[in-house]
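A.B. asks: Below is the structure I would like to discuss, written out as structure tokens.
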Amino acid sequence: MHKFGFIIHPIEYEDVSRKFKIMEKFPKRVVEGFTRLLPPMKVSEITGVKSEYAETEGWFVAVPLTSEQMLKLPEGYVLNKIIKAVKIAENLGAEVVGLGAMTSVVGDAGITIAKNSNIAVTTGNSYTVATAVEGAVKAAEMMGKDVRDSHVAVIGATGSIGKVCAEILSRDAKYMTLVARNKEKLQNFRDYLLTKTGMSAHITSDIKEALEDADIIITVTSAVDTVIKPEYLKPGAVVCDVARPRDVSKEVADKRDDVLVIEGGVVQVPGDVDFHFNFGFPPKTSYACMAETMILAMEGRIENYSLGRDLTVEQVDEISKLAKKHGFKLAGFRSFEREVTMEKIESVRKNAKKRLQEWKFA
């Protein structure tokens, strides 16, 4: 049996209290000072991952830094913490390790970490792309939208996940808008898409402008703060938020009952898996990046996989086939830590139809 490790960290400073209850009483500045002093640590053992063909087990190892700290502290300091966490996973018996949340973003997206590690490393981004695209298209269908007649917007379009999401969706979408801060990178990627798939995409750095007419939105920035506000979205829009921390403001859920927001990459894990740690998901489900790490272990693919800023469609297709082989699959939809039921989707659809009619006659 090949074993794996997965590196996690507190997304926000409030998450630190999940592990250290006493921290609930202290302000953010004190909590973040405390986390900086902590070394990486084993959090839990993961057992029961089993398919018809193989089984695996592994460990969660934590780097006690919040998302904000990951981006603001010196890069070398943060990378050193992550490398130490990978070493802990190796000492526990892991042969491949996945980088969760911001640990996959810091620096060069895993390349430096892999060079300084004795075991294989992946960001899990290939399977994250696969499930994000599948989820967005499926959710849109439930809302009565066909991607072939839709305007698709990709926010964070020049990042490793955003680029491949855009390339895959550009094969079917009617219109596409690419959003990123770097104009030169945007122009280069637009030219690449036109040559590769024939999609002539609109480009902009203005998120509000990009979303005015978007039907399907995939958002995957590395921003610390939310970037999508309630007023940006048109009635009936479907948003797949792959980013951690979230790109979509909680206000959207509170104020817009006519748009559907789903989280990207929620996966059903085969077997009787027990993570022995509550990271906010229903039992036997995980993030897609975690699932990719498990899949590589089950396949005995002890190799660096999704690393750096340049994923390929071929990688995404390959990991999708391996996921299907072992019984990993999209686990419905979640939004702001809650299940999205069929009743919820139908309610959003009805509200969107009503709003659009009001707009038409206004």
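The values are calculated or read from the model by the stated rules, or taken from the named source; none is laboratory data. These numbers come from a predicted model, not from an experiment. Note: ideal-geometry Cβ built from the backbone for every residue, glycine included; neighbour counts use all protein chains shown. Accessible surface is based on the protein model in full, side chains and every heavy atom, while ligands, DNA and RNA are left aside. Shrake-Rupley method; radii C 1.70, N 1.55, O 1.52, S 1.80 Å.
A.B. asks: From Cα pairs below 8 angstrom and at least 6 apart in sequence, can you work out the relative contact order of region 238-362, rounded to a whole percent?
C.D. replies: Normalised by residue count, the contact order of region 238-362 is 34 percent.
A.B. asks: Another question, if that's okay. Just the accessible area for Tyr175, please: 1.4 Å probe, Å², rounded to the nearest 10?
C.D. replies: Roll a 1.4 Å probe over it and Tyr175 shows about 120 Å².
A.B. asks: With a probe of 1.4 Å, find how much accessible area region 198-339 has per residue, and write the answer as a whole number in Å².
C.D. replies: 39 Å²
A.B. asks: Still on this structure, I have one more. Could you tell me which of the pairs Lys3/Lys325; Lys21/Lys87; Lys115/Lys229; Lys250/Lys329; Lys25/Lys87; Lys145/Lys321 are separated by over 29 angstrom between their Cα atoms in the structure shown?
C.D. replies: From Lys3/Lys325; Lys21/Lys87; Lys115/Lys229; Lys250/Lys329; Lys25/Lys87; Lys145/Lys321, over 29 Å: Lys115/Lys229; Lys25/Lys87.
A.B. asks: With a 1.4 Å probe and every protein chain kept in, tell me what percent of the accessible surface of the chain is carbon plus sulfur.
C.D. replies: 49 percent
A.B. asks: Where both partners of a DSSP beta bridge lie in the chain, what percent of those bridges are antiparallel, to the nearest 5?
C.D. replies: Bridges in the chain that DSSP calls antiparallel: roughly 35 percent.
A.B. asks: Rank Phe20, Phe4 by accessible area, highest first, at a 1.4 Å probe radius?
C.D. replies: Result of the area sort, largest leading: Phe20, Phe4.
A.B. asks: Here's a follow-up. Run the numbers on region 1-105 and let me know its relative contact order in percent, using alpha-carbon pairs under 8 Å that are six or more apart.
C.D. replies: That works out to 45 percent.
A.B. asks: Same structure again: When only Cα pairs under 8 Å and 6 or more residues apart are kept, what is the percent relative contact order across the chain?
C.D. replies: 20 percent
A.B. asks: Can you bin every Cα-Cα distance in the chain into 10 Å intervals starting at zero and give me the percent of pairs per bin, rounded to whole numbers?
C.D. replies: Final binned percentages: 5, 25, 33, 25, 10, 1, 0.
A.B. asks: Once you list every other residue whose beta carbon is under 14 Å from the beta carbon of Arg301, what net charge do they have if Lys and Arg are +1 and Asp and Glu are -1?
C.D. replies: Result for the local shell: -2.
A.B. asks: Ranked highest first by average number of other Cβ atoms within 10 Å, how do 334-345, 147-158 line up?
C.D. replies: Ranking, from highest mean packing down: 147-158, 334-345.
A.B. asks: Further question on the same structure: Pull up all non-local amide H partners of Val97: gap of 5 or more, or a different chain, and H-to-H distance under 5 Å with H placed in the peptide plane.
C.D. replies: Those qualifying (amide H under 5 Å, at least 5 residues apart or on another chain) are Gly5, Ala120, Val121, Thr122.
A.B. asks: Which helices, counted as full DSSP H runs in the chain, have an axial Cα extent of no less than 24 Å and a Kyte-Doolittle average of -0.5 or above?
C.D. replies: 75-92, 125-142
A.B. asks: Ok, one more. Net charge around Asp310, counting only other residues with Cβ within less than 15 Å of its Cβ (Lys, Arg = +1; Asp, Glu = -1)?
C.D. replies: +1
A.B. asks: Ok, one more. Please list 63-74, 200-211 highest first by mean number of surrounding beta-carbon atoms within 10 Å per residue.
C.D. replies: 63-74, 200-211
A.B. asks: Oh, and also: Suppose only helical runs count, i.e. DSSP H with n ≥ 4. What mean residue ellipticity at 222 nm does that imply for the chain under -39500 (n - 2.57) per run, divided by all residues and rounded to the nearest 500 deg cm²/dmol?
C.D. replies: Here the helix-only value at 222 nm equals -12000 deg cm²/dmol.
A.B. asks: Please list the three semi-axes, largest first and in whole Å, of the ellipsoid equivalent to region 282-325, using sqrt of 5 times the eigenvalues of its alpha carbon gyration tensor.
C.D. replies: Working through the eigenvalues yields semi-axes of 18, 12, 11 Å.
A.B. asks: Hey, another quick one. Place the peptides 289-301, 99-111, 315-327 in order of packing, highest mean first, counting for every residue the other Cβ atoms within 10 Å and averaging per peptide.
C.D. replies: 289-301, 99-111, 315-327
A.B. asks: While we're looking at this one, here's another question. May I ask for the percentage of alpha-carbon pairs in region 1-105 that lie more than 19 Å from each other?
C.D. replies: 44 percent
A.B. asks: Within region 1-42, which GluC sites (Glu not before Pro) sit in a loop by DSSP and count at most 16 neighbouring Cβ atoms inside 10 Å?
C.D. replies: Those satisfying the criteria are Glu12.
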